[in-house]
Amino acid sequence: NPLATGVANAVLDELLKPGFIDSVREKGEYLKGRLEGLVKKHPTVYVEQRGMGFLQGVQCSPTVPAGDMVNKLQSLGLLVPPAGENVIRVFPALIADKAALDEGIEILSKAAESFEAAAQGANKAAE
C-alpha cells in the first residue's frame, strides 16, 4: 500500500530527526511539572499526577468521577480518555510544542474550576 508506506516514512523522518527524542524527553518533564502544579492548584478536584514522558495521567478526587471529567473536558475541546481508577489519561502527540501543552493544562484547569464552583454552590445550598 503506497499510502501507508508514505505515511510510515514521514513518521520515521520525524522520529529520526536529530534532537527529536531529547525534545520529547524535555517536553515530557515540562508536562509532568505542569500537571503537578495543576494538582497543587486544584487539590479538591485532582489528587495526583501519574506517569512519565508523554504518557501521563491525573487522578481525580473521589467526588469527581473520571467519566464526568472526561465529558467536561470534551465539551471544552480537550479529548482525554479515562484510565484506571478515577484517572484521566493525558497523552499529547509527540510533536506537540509547549504552547499546545499549556493550552491543554489551561483546559484542565478550567474544568477543575467548574467542578469547584459546582461544589461551592452545593455547599451554599446545603447551608
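The values are calculated or read from the model by the stated rules, or taken from the named source; none is laboratory data. What you see is a predicted model; the values in this text were computed from it and never measured. Positions of Cβ are backbone-derived with ideal geometry, glycine not excepted, and every protein chain shown enters the neighbour counts. Surface areas here come from the heavy atoms of the whole protein model, side chains and all, with no ligands, DNA or RNA. Shrake-Rupley method; radii C 1.70, N 1.55, O 1.52, S 1.80 Å.
Restricting to the range 70-96, and then to whatever is touching a residue at least 40 places away in the same chain (Cβ under 8 Å) and not in a helix (DSSP H, G or I), can you tell me which residue is most open to solvent (accessible area, probe 1.4 Å)? Please lay out each step first, then the result.
Kept after step one, since they are touching a residue at least 40 places away in the same chain (Cβ under 8 Å), are these residues of the range 70-96: 72, 90, 92, 94-96.
Imposing the further condition that a residue be not in a helix (DSSP H, G or I) reduces the set to 90, 92, 94-96.
Numbers: 90: 18, 92: 36, 94: 76, 95: 123, 96: 14 Å².
Within the range 70-96, the match that is most open to solvent (accessible area, probe 1.4 Å) is 95.
Would you confirm, using the coordinates I've provided, whether residue 58 is open to solvent by less than 10 Å² (accessible area, probe 1.4 Å), touching a strand residue (DSSP E or B) at 6+ places or on another chain (Cβ under 8 Å) and within 13 Å of residue 104 (Cβ to Cβ)? Steps first, please.
Values: open to solvent by less than 10 Å² (accessible area, probe 1.4 Å): yes; touching a strand residue (DSSP E or B) at 6+ places or on another chain (Cβ under 8 Å): yes; within 13 Å of residue 104 (Cβ to Cβ): yes.
Answer is yes for this residue.
Pairs only if they're at least six apart or on different chains, beta carbon under 7 angstrom, first in the range 56-68 and closer than 13 Å to residue 36 by Cα, second at pLDDT 95 or above and surrounded by fewer than 15 Cβ atoms within 10 Å (Cβ to Cβ); list them, first residue then second.
Correct list of pairs: 59/48.
Just to be sure I understand the filter: pairs with C-beta atoms under 7 Å, separated by 6 or more residues or on different chains, first member in the range 1-16 and within 15 Å of residue 95 (Cα to Cα), second member among the hydrophobic types (A, V, I, L, M, F, W, C) and outside any helix (DSSP H, G or I). Which pairs pass?
Listed pairs, sorted by first residue: 14/95.
Based on this model, can you work out whether residue 43 counts as more than 10 Å from residue 88 (Cβ to Cβ), open to solvent by less than 70 Å² (accessible area, probe 1.4 Å) and either out of contact with any Ser or Thr (no Cβ under 8 Å at 6 or more places or on another chain) or at pLDDT 95 or above (or both)? Write out each step before concluding.
Working: more than 10 Å from residue 88 (Cβ to Cβ): yes; open to solvent by less than 70 Å² (accessible area, probe 1.4 Å): no; either out of contact with any Ser or Thr (no Cβ under 8 Å at 6 or more places or on another chain) or at pLDDT 95 or above (or both): yes.
Criteria not met by residue 43.
Those residues that are aliphatic (A, V, I, L, M), open to solvent by 60 Å² or more (accessible area, probe 1.4 Å) and modelled with pLDDT of 95 or more, I need them from the range 97-127; list them, please.
Once the filter is applied, which keeps residues that are aliphatic (A, V, I, L, M), open to solvent by 60 Å² or more (accessible area, probe 1.4 Å) and modelled with pLDDT of 95 or more, the range 97-127 yields only 99.
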